[in-house]
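All of the numbers you see were taken from the coordinates with simple rules; none came from a lab. Only a predicted model underlies this, so the values are computations on that prediction, with no experimental measurement involved. Positions of Cβ are backbone-derived with ideal geometry, glycine not excepted, and every protein chain shown enters the neighbour counts.
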Amino acid sequence: MRVLVIGSGGREHCLAWKLAQSPSVDKLYCAPGNGGTGLVAENIDIAATDIDKLLEFALSQKIDLTVVGPELPLVEGIVDRFKAKGLKIFGPVKDLARLEGSKIFAKELLQKYGIPTADFKVFDSAEAAKTYIQKKQAPLVVKADGLAAGKGVIVCLTIKEAVEAIDLIMVRKEFGAAGRQIIIEDCLKGEEVSIIAFIDGETIVPLVASQDHKRIFDADQGPNTGGMGAYSPAPLIGQKLLTIIIDKIFKPLIEGLNSEERIYQGILYAGLMIENDQPYVLEFNVRFGDPETQAILPKLKSDLAEVMLKTVDRKLKEVVLEWDQRFCLSVVLASGGYPGDYQKNKEIKGLDKLGGLKDVFVFHAGTKKDTGFFTSGGRVLNISALGDTIKEAQNKAYKAIGDIQFENMFYRKDIGDKALKSAAA
Ligand code: AMP
Ligand code: GLY
C-alpha cells in the first residue's frame, strides 16, 4: 500500500513512524513533513493546505491511503475533494469537520442531542454580548466561533476580563473572520482529559485516554499553547467513566448525525471536563491531538494502517485494538519565545545520543534537516518514553532530554505530576 501523511508536526512524525511499521505499507510519503518524518518517509514539498497539489500528487503517485494530520485541510474540504476522485482518505468530510471548525456548529449539535456541555449563548454583536454578561456572574468563557490556532478561547475570571475578551475578538478582530460570531459559555470546573476515538460512521473504537498540558509554564501557569506534553493512560478515566463517556457523548452524537444522514468517519477527539465523575464536552477536534498522539501511539500494538483502512471502509467492527499496558509520557521541547514569536535555525545537538535508548522515542515537530537538524518551529521535539509506572516513564523521558540541546530550548518540568498526584490520592 502507498500511503501519504499530510502535515508537519510531532503528531505527523509519530503517525508516519507508526505507519512505517505496518507490513502492508510499501511506500510512505509525508507532505510537507519535517526533519523527523524524513527518517521514516519521503518528504514531499507540498503545503498541508495546498489541496490542489496534494490531490494531483495522490492521483499521479497512485496513493492508496491519505492520512490527514491537521484540522485546516479537513475544514477546507480535502476529504470531499479526494473522495470525489475515488481516492481513499482518512478523516471527516467538510460538513462534519465543522465540529472543530465552528464552535457554534458543535455546541448546537450537542444541545440538539442532549449531550452534556456548558450552557452557552451565541452572539454576532459585541454590544449584545456585553449586555448579556452584565447579568451573568464570572467566571465566564468567551470563544471565537472559528479556528484561531488554539487561541480563540478566553477563560475570564471577571466581567471586566470578559468585556476585554469580547473587544479583542469582535472589535479589534484579533482572529479575523473566525471571530465574527462568539459563544459565551458558563465556566466548568474539574479535571480535563481527552478521549480520542476511531469512528467509521457506526462503530466507535476509543484509544487510551490521555491528558495534555496546555499552559506554557509548570503548574499550569502562563498562556495556552498547542500542548507542552501529555501522558497516557490518564488514571482519571477508569472503565466505568469511559463507558459513561461513550454512552453519553460519542454514541448520541454519532447516532444523531446518522439520523440526519451525516456519516462521521475518521478520528473524533473529545476534550472533556470531568466534574463529580461526569463528563462535559469542552471541545471537539476532528483529528489526532498533538502532543497526545505522541503519548498514545507508542503504546499501540495494532497495525495502524489496517485500523485506518477499516475506518475508511466502514469495517471498524472487525477491529480490537491491542495495547502495551505500560504508561507513556511525552515532553515537548520548545524554542525561546513560543507560544509568541520564536527563534528558528538553531542547531539541535545530542539527538544521536538517544538513538540506542530502549523505550525512548524522539518525534520531531519544528525541525528541518540540513547539515544536521535545525529548529524551524515553536514546538521543536517531543521526547516520549514508556515505563511500567508514570514515574518510570517520566524519569526516562527527562533523563533523555538531558542529552539534547539547542539555544534557548525550554520545556515543562512537571509533565505527569498531575497523574502522580491523582494516583496517590
Ligand atoms: P477549547 O479549545 O474549547 O477546548 O478551549 C481551550 C481551553 O479552554 C480548554 O482546554 C479549557 O481549559 C478551557 N475551557 C474551554 N471551555 C471551557 C469551559 N466551558 N469551562 C472551563 N474551561 C473551559
Ligand atoms: N493538544 C490539543 C490539540 O491537539 O488540540
### Query
What are the ³J(HN,Hα) values, in whole Hz, obtained from phi via the Karplus relation 6.51 cos²θ - 1.76 cosθ + 1.60 with θ = phi - 60°, for each residue of segment 24-35 in sequence order, with x given for Gly and Pro?
7, 8, 8, 9, 10, 10, 9, 10, x, x, 8, x
## Note on the structure
Here the relative contact order (percent) of the chain, from C-alpha pairs under 8 Å and at least 6 apart, is 16 percent
#### Entry: Solvent-free Debye scattering, log10 I(q)/I(0), computed from the Cα coordinates of segment 94-156 at q = 0.12, 0.23, 0.26 Å⁻¹
-0.33, -1.14, -1.29
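Over all pairs of distinct alpha carbons, what does the Kirkwood formula give as the hydrodynamic radius of segment 366-425, in Å? Before the final figure, lay out each step's value.
Working: mean 1/r = 0.0756 Å⁻¹.
The Cα-based Kirkwood calculation yields 13.2 Å.
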### Query
On average, how much area does the Cα convex hull of segment 283-425 cover when viewed from any direction, in nm²?
10.9 nm²
### Task
Please work out the ratio of the alpha-carbon Rg of segment 162-205 to 2.2 N^0.38 Å and round it to two decimals.
1.81
### Message
Over 24 Å apart: what share of the alpha carbon pairs of segment 59-181 falls there, rounded to a whole percent?
### Response
40 percent
### Summary
Scalar couplings 3J(HN,Hα) for segment 200-212 by Karplus 6.51 cos²θ - 1.76 cosθ + 1.60 (θ = phi - 60°), nearest whole Hz, x for Gly and Pro, are 10, x, 9, 7, 10, 10, x, 7, 5, 5, 9, 10, 8
### Task
Starting from the amide H of Ile216, placed 1.01 Å from N in the peptide plane, find each other amide H under 5 Å away whose residue is 5 or more places distant or on another chain.
Thr225
### Task
Report the FRET efficiency, 1/(1 + (r/R0)^6), for Leu59 and Gln137, where r is their Cβ-Cβ distance and R0 is 41 Å, rounded to 0.05.
0.15
#### Entry: Rg to Rh quotient for segment 313-357, alpha carbon positions, Kirkwood Rh
1.22
### Query
Using the 10 angstrom Cβ neighbour count as an exposure proxy, how do Arg412, Arg215 rank, fewest first?
Arg215, Arg412
### Query
aspartates and glutamates near Lys27 by alpha-carbon distance under 12 Å, same-chain residues fewer than 8 away left out - which ones?
Glu42, Asp64
### Query
Among all the aspartates and glutamates, which ones have a C-alpha under 18 Å from Lys299's C-alpha, if same-chain residues fewer than 8 places away are not counted?
Glu12, Asp212, Asp290, Glu322, Asp324, Asp359, Asp388, Glu392
### Task
Work out how much length Trp323 to Asp341 would gain on full extension: take 0.36 nm times their residue separation and subtract the Cα-Cα distance, in nm to one decimal.
2.6 nm
### Query
Residue by residue, what Karplus-based ³J(HN,Hα) values in Hz, rounded to whole numbers, does segment 394-408 have, using 6.51, -1.76 and 1.60 with θ = phi - 60° and x for Gly and Pro?
4, 4, 5, 5, 5, 5, 5, 4, x, 8, 9, 9, 8, 4, 6
#### Entry: Calculated [θ] (222 nm, deg cm²/dmol) that DSSP helices of n ≥ 4 give over the chain, each run adding -39,500 (n - 2.57)
-8000 deg cm²/dmol
### Message
Ignoring solvent entirely, what values of log10 I(q)/I(0) come out of the Debye formula for segment 112-238 at 0.10, 0.13, 0.16 Å⁻¹ when each Cα is a single scatterer?
### Response
-0.40, -0.66, -0.94
### Query
For Glu174 and Lys240, what does the FRET efficiency come to when R0 = 56 Å and r is the distance between their Cβ atoms, rounded to the nearest 0.05?
0.85
### Summary
Kirkwood-based Rg/Rh on the Cα set of segment 191-348 evaluates to 1.00
#### Entry: Volume of the Cα convex hull of the chain, divided per residue and given in Å³
139 Å³
#### Entry: Glu202-Lys85 FRET efficiency (beta carbon distance; Förster radius 22 Å; 0.05 resolution)
0.30
### Task
Would you pull out the residues with amide H under 5 Å of Phe373's amide H, same chain only if 5 or more places away, H placed 1.01 Å from N?
Ile348
### Message
Assuming 0.36 nm per residue, please report the length gained on full extension of the stretch Leu157 to Arg314 beyond their Cα-Cα distance.
### Response
52.0 nm
